[in-house]
1. Residues in the range A:329-336: is at least one within 30 Å of B:Ala104 (Cβ to Cβ) and either of a type outside the set (Asp, Glu) or modelled with pLDDT of 55 or more (or both)?
2. Looking at the range A:383-401, can you tell me whether even one residue there is open to solvent by 10 Å² or more (accessible area, probe 1.4 Å), modelled with pLDDT of 95 or more and assigned to a loop (DSSP other than H, G, I, E, B)?
3. Considering only strands (runs of 3 or more DSSP E) fully contained in the range A:33-132, which possess at least 2 residues that are surrounded by 13 or more Cβ atoms within 10 Å (Cβ to Cβ) and free of Cβ contacts under 8 Å to residues at least 40 places away in the same chain?
4. Within the range A:9-27, work out how many residues are over 16 Å from A:Gln120 (Cβ atoms) and surrounded by 15 or more Cβ atoms within 10 Å (Cβ to Cβ).
5. Has the range B:55-63 got any residue that is facing chain A (nearest Cβ under 8 Å), among the hydrophobic types (A, V, I, L, M, F, W, C), touching a Leu at 6+ places or on another chain (Cβ under 9 Å) and assigned to a helix (DSSP H, G or I)?
6. Among all residue pairs at least 6 apart or on different chains, which show Cβ distances below 7 Å where the first residue, located in the range A:1-28, is farther than 30 Å from A:Phe152 by Cβ and the second is acidic (Asp, Glu)?
7. Could you pull out the residue among B:Lys86, B:Lys43, B:Lys92 that is within 14 Å of chain A (Cβ to nearest Cβ) and surrounded by fewer than 24 Cβ atoms within 10 Å (Cβ to Cβ)?
Amino acid sequence: MDTWQILHIPDNPPIAPDQQPTVDVIASLIDPKFANTLVRRLNQISPLENLRHVKRVKKKFVEGGKTQLSVILCLASENGNQLESMQNDVQELMNSYKLSPFITKVCKYAALSKEEWEEQCKLWPTSYHPPTYNIDGITGFSEEDSQSVFRFMKYAIQLAKSSDNLVVNAAVIVDPSVKQVITTACDQTCSSYSPTNKITLETSCCEKLEAFISHSDSDGVLNHQTVHSNSFPDKSKQLCTGVSCLYPWQWADQQSDMSSCYWHPLRHAAIVAIESSAARDRYLFPSLGKIQDKSFEMDNMQSSSAGSPAKRQKTNSTNVHSDDNLTNGEGSSSLSARPYLCTGFDMYLVWEPCIMCAMALVHQRIRRIFFAFPNPDAGALGSVHRLQGETSLNHHYAVFRVLVPQQIFSREG
Amino acid sequence: MSSLGEEYPDDTLTFMLLAMEQAKVAIDCLEVPVGCVIVEDGKVIASGRNRTTETRNATRHAEMEAIDTLLEQWREKRLSQSEVAKTFSKCKLYVTCEPCIMCAAALSFIGIKEVFYGCGNDKFGGCGSILSLHSSSSEPLISGGAPRVFTSREILMLQSLIGLLLNRQHNEQCSNKVLDFLKVCTSLSSILQDFKTESGWKL
């Protein structure tokens, strides 16, 4: 992989348009002059509740310029005995208009793309409504926006690499309208595992990061070994086990005594970033909250209030390295408008989030999520679950994977 | 109440009522009315209620609050990670509303023993309503045994119980905003029913 690339991860796993699930319905040819009456009556006595995308009437042009109409009477029942299980009202209608029913297939779900819809109509006509929400990027990124996405992802990867002794997940919340970092965070589960009983890491992303670690160490760019040699001498083998979202259950297997260190099994990078952005919101717009006496600093300290010397607090933007293009959210132009939670903001994560983090990002109203590496065993945005496709949720974000060129791991981005 | 007493083991009802008390506190603070308690060996060791409005952090659900309270306690006692994990595996959670997908995952990650909830959550529920994070076959999502949830009949009875409780306490104070929260966020349909029938409120 040599170039940067952004891939949209759709709400539903791609299925071949001609393999969409279908259901059986009972239909009948009708005389066109009764069409209106019949359809009106059928909509009353036999509404197609879960098949709103399916059209009641199918029109077919036959030889001699004539049109032939068929109408759906009702759903076919699961067992074979169709006529007996049919509703009395429908049967009466059938008898009085002398209809001869037949069973046919219609597509079970509304089409999600034009291709699916065209395929559906070959079976029985349906209606197609393109997605009503339109989030920038789903249909492609401009060159300028792409560059901005790559820059923020590069920044997130730097954070993940530079955090203490081992590779962790990093989260960057961005206001894309002003291309500004709102807040950043790294995992705070403090899951520095001993290398003995580790899951074998075979995913390519981990190999890449391993490559990065060895390179950066030899380059002296980020020399983890010397910085943290006291507490974690054998860190070179620890790799991605520190990424909370990849191994959310693993904190409990910790053998070493971590009682002196701040840790919390649920403080994944995304959760910490959300907390930090909420603290920022309360700080910037204090009048709207109930607790006005609490300062931003106090709030930020709260999460690490164990008072341990090994604080792992990485939540606020003061940790931002010198990247001139990335400005702090605080005290700058964004003061004027206060968004509701993170409405309109983007989230950059190095790894695909677990289901806890993915749902937290729904709650906090993030607009788009970008991640670089999939999370094959616990990922919630396409790998194991696909939360962006859960239609019952009250908020939906768009999800993108950012493909990262190999060389970002071998030299400082 | 006496008929309910026969239906449940005593402590289940007791703990659920304590969870409802927490939901009530949330209402007083104009928060979404969800509350919970965490119980170890028959004793309540932590409680929590929604604080999403106050914190402007939409992830501060009752369960997360209670979990954080416990971790803080245990941190002060200098419990190790394995000790914490072991204690969580003995704990039961009683919560008024089905944990959302985020909380269900969090409860699974910490390895809580059992979850009892009052009413289902058809928008975000993570224990069967939308996703079934408690019973995935691929991963031991909740270690130490599957969570016990109420049957739909029990849920109905608890719902009306919550409804009566909230109704009694908050007939006068409830603002329309809170009622909207009730309607939209907690799916306590029978609360609304009770409000309607017993107080004659227009919803």
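1. No.
2. no
3. Hits in the range A:33-132: none.
4. Number of matching residues: 4.
5. Within the range B:55-63 (the criterion being facing chain A (nearest Cβ under 8 Å), among the hydrophobic types (A, V, I, L, M, F, W, C), touching a Leu at 6+ places or on another chain (Cβ under 9 Å) and assigned to a helix (DSSP H, G or I)), the answer is no, since none of the residues qualifies.
6. Every condition considered, the pairs that remain are A:Pro17/A:Glu115; A:Pro17/A:Glu116; A:Pro17/A:Glu119; A:Asp18/A:Glu119; A:Gln20/A:Glu116; A:Gln20/A:Glu119.
7. Only one candidate passes the filter, namely B:Lys86.
Yes/no per residue for (1) open to solvent by less than 30 Å² (accessible area, probe 1.4 Å); (2) away from chain A (no Cβ under 12 Å); (3) touching a Lys or Arg at 6+ places or on another chain (Cβ under 6 Å):
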site	(1), (2), (3)
B:Gln22	no, yes, yes
B:Ala26	yes, yes, yes
B:Val34	yes, yes, no
B:Leu70	yes, no, no
B:Arg78	no, no, no
B:Pro99	yes, no, no
B:Ala104	yes, no, no
B:Gly126	yes, no, no
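The values are calculated or read from the model by the stated rules, or taken from the named source; none is laboratory data. Quantities reported herein were computed from a predicted structural model and do not represent experimental measurements. For neighbour counting, all protein chains shown are included, and Cβ atoms are generated from backbone atoms with ideal geometry for every residue, glycine included. For the accessible areas, the whole protein counts, side chains as well, though only heavy atoms, and no ligand, DNA or RNA atoms are used. Shrake-Rupley method; radii C 1.70, N 1.55, O 1.52, S 1.80 Å.
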